[in-house]
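The values are calculated or read from the model by the stated rules, or taken from the named source; none is laboratory data. Because the structure is predicted, anything quoted here is derived from the model rather than measured. FYI the Cβ positions are ideal-geometry reconstructions off the backbone, even for glycines, and counts take in every protein chain you see. Accessible surface areas use protein heavy atoms only, side chains included; no ligands, DNA or RNA. Shrake-Rupley method; radii C 1.70, N 1.55, O 1.52, S 1.80 Å.
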Amino acid sequence: MTDAVRVRGLRKIYHGRPAVDGVDLDIADGEIFALLGPNGAGKTTTVEILEGFRKRDGGEVSVLGADPQRAPRSWRYGIGLVLQNASDMADMTVAETVRHFARYYPDPRPVDEVIDLVGLTEKAGRKVRTLSGGQRRRVDVAIGVIGRPRLLFLDEPTTGFDPEARRQFWALTRTLSAQDGTTILLTTHYLDEVEALAHRVAVLSGGRIRATGTPRDLGGRDTAEATVSWIEDGEHRSTTTAKPTGVVSELADRLGDEIPGLLVTRPSLEDTYLDLIGSSR
Amino acid sequence: MTVSPVGLSAARAGVELRQFFRERTAMIFTFALPVVLLTLLGSIFDKQVAVAGIPSSQLLAAGMIAGGIGSTCFVNLATSIVSDREDGTLKRLRGVPMPPIAYFIGKIVLVLVTAVAEVILVLAVGATFFDLPLPDDPRRWLTFGWVFLLGVTGCALLGAAMSSVPRSVRGAAPIVNLPFLVLQFVSGIFIVPITNLPEPLQQIGALFPLKWMAQGFRSVFLPDAAAATEPAGTWEHGRIAVVLAVWCLGGLILCLTTFRWQGRKDG
């Protein structure tokens, strides 16, 4: 199986300073891949180069087997984009908008099916400008998937969503991935979003990839030292250890079957992430 | 199913027209401004006689057709492209498999439809309130045809070029409207006959296409005796054609060199 995205040594320079400084990425077909990083890390630049919106200054890029800079227009049949902050088509209805964008593709999904998929069937006749922020973003997703893309770019898709809308959006993303095997490249700075959705994640900071892995093992957090805390003689106690199971069993021997207030924690994704981006500053 | 560029262009035109006619306030402003000015100024100039038997209000009505074309083609097109750049339309279209020409054909259809509607509106007001005569000589309609086409083309190309100047939609209205207002003034759209304007202003106006469009439309709708009110004393059809054609070419070059698909903050 070929990779949907393959990047080697990608560089982009703005005003003499590298914004992207030697990035390597491999995204497998069917994967949900998250690109995580603080503002100014080079996320948007990297993604816009992959989307074919920007030219690179160095390195090799292959997206769906083609160089985005030289790909023919038909390359875009396989690409779906969900833009950040789009407010276009405001005076068109949801159905008109989705139907319009279906016309650009040789084999679009049925319009009603896509509107149903993004949960806007009841709003199909409403003008896009009357929708809430979350509903508006679902229209963007509908436009992004109408052409049956093999690769979908989701650029900070849930910024400004309320918690319920985020959950619904996550469910929609999982559906797209599971039903059609769509490869998804997600950029975000929400760590819970990464844990909820991504098969793999890369942390970008200062124009470089600091770590790549699954959300569970990123930066070695699955094997990192754990903190064990408990209550003994009415006092909170804790210790840091590479072997938490041993500590717990020793505590059990000393304190009896049920250890009061027992808690074993590994570094959270957030701890790991902050560590990783801190190391570049 | 295959995707044809013709079909996509038609689809773009449909979106452009629907969006324009559904955005009521902008639509009313675009269409009504020339008509309101014609009605108000016409009530003043109705009492003045430009040349034997021809009230100045008829000069005004014919010239206001040029003002209407400027309003729909220059002002409206420029602001609509600025808004397309700001609201993500252009970015989205670059990200879908659309030949760029489809976008421009959509805009051309928008400009043609709105310009024709505006001309009909101005003519209706001119004929109803100021007895502007509608010619039955086909040669005059031929003149109308080429002045209209060259005028629309030139204004639209300049409007597209102008769209690269404002940084945001908010800034677009004053940046596009103010120069257009001044241009209408020095082109003798508001003050008729144009020879009532101070000489230096007339000369500035003569550098731009609007004055020549207005002169062309006056030659279509007014008796030939009215040519005496023009600075040259004749209709100067040849010069009108040359100036408008040069502006079309200049507008095209400006467009090709300055048009941006992306906003400044993206670039």
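Taking amide H atoms as placed 1.01 Å from N in the peptide plane, the amide H of A:M92 lies under 5 Å from those of A:V128, A:R129, each 5 or more residues away in sequence or on another chain.
For A:T188, the amide hydrogen comes within under 5 Å of the amide hydrogens of A:L35, A:G37, A:E156, counting only partners 5 or more places away or on other chains and with H modelled in the peptide plane. Comparing each chain alone with all protein chains together (probe 1.4 Å, DNA, RNA and ligands left out), the residues of the stretch B:84-128 losing at least 30 Å² of accessible area are B:D87, B:K91, B:R92, B:R94, B:G95, B:V96, B:P97.
Partners of B:K107 within straight-line reach, counting lysines whose Cα lies under 20 Å from its Cα and excluding those fewer than 8 residues away in the same chain: B:K91.
Cysteine residues of chain B whose C-beta has no other cysteine C-beta under 4.7 angstrom: B:C248, B:C255.
Roughly how many Å² is the accessible area per residue of the stretch A:87-230, as a whole number, for a 1.4 Å probe?
Result: 40 Å² per residue.
Under 15 Å from the Cβ of A:H199, count the other residues' Cβ atoms, weight Lys and Arg +1, Asp and Glu -1, and hand me the total. That sum, taken over residues with Cβ under 15 Å, equals -4. Summing both sides, the accessible surface hidden between A and B at a 1.4 Å probe radius is close to 2700 Å².
Using the Karplus relation 6.51 cos²θ - 1.76 cosθ + 1.60 with θ = phi - 60°, the per-residue 3J(HN,Hα) values for the stretch A:207-222 come to x, 10, 7, 8, 6, 9, x, 7, x, 6, 10, 3, x, x, 5, 6 Hz, with x marking Gly and Pro.
For the stretch A:124-133, the Karplus equation 6.51 cos²θ - 1.76 cosθ + 1.60, evaluated at θ = phi - 60°, returns couplings of 4, x, 8, 5, 4, 5, 8, 7, 6, x Hz by residue, with Gly and Pro reported as x. Per residue, chain B exposes an accessible area of 43 Å² to a 1.4 Å probe, with every protein chain left in place. With a 1.4 Å probe and all protein chains left in place, how much of the accessible area of the stretch A:3-219 comes from carbon and sulfur atoms, in whole percent? Roughly 44 percent, rounded to a whole number.
Over chain A, DSSP H runs of length four or greater, each weighted -39,500 (n - 2.57), average out per residue to a 222 nm ellipticity of -9000 deg cm²/dmol. Count Lys and Arg as plus one, Asp and Glu as minus one, and take only other residues whose Cβ is under 14 Å from that of B:V15; the net charge is then +1. Between the Cα long axis of helix B:56-69 and the first principal axis of chain B there is an angle of about 10°, rounded to the nearest 10. Compared with its chain on its own, the stretch A:76-90 contains the following residues whose accessible area drops by 50 Å² or more in the full protein assembly (probe 1.4 Å; ligands, DNA and RNA excluded): A:R76, A:L83, A:D88. Amide H contacts of A:G22: A:L10, A:R11, A:K12, each under 5 Å away and 5 or more positions distant or on a separate chain (H built 1.01 Å from N in the peptide plane; Pro and chain starts excluded).
With the full set of protein chains in place, find how many percent of the accessible area of the stretch B:98-226 is carbon and sulfur; take the probe as 1.4 Å. Carbon with sulfur: 75 percent of the solvent-accessible area.
Placing +1 at every Lys and Arg Cβ and -1 at every Asp and Glu Cβ, with all other atoms neutral, what dipole size does chain A have around its Cα centre, in debye to the nearest 20? If you can, show how the numbers build up before the last one.
Details: 37 positive and 41 negative charges, 328 e Å.
That gives chain A a dipole magnitude of about 1580 debye.
Along the stretch B:150-160 the Karplus relation, 6.51 cos²θ - 1.76 cosθ + 1.60 evaluated at θ = phi - 60°, assigns HN-Hα couplings of 5, x, 4, 4, x, 4, 5, 5, 5, x, 5 Hz to successive residues, with x for each Gly and Pro. For chain B, relative contact order (Cα pairs under 8 Å, six or more residues apart, normalised by length) works out to 28 percent. For chain A, the relative contact order is 21 percent, taking Cα pairs closer than 8 Å that sit 6 or more residues apart in sequence and dividing their mean separation by the residue count.
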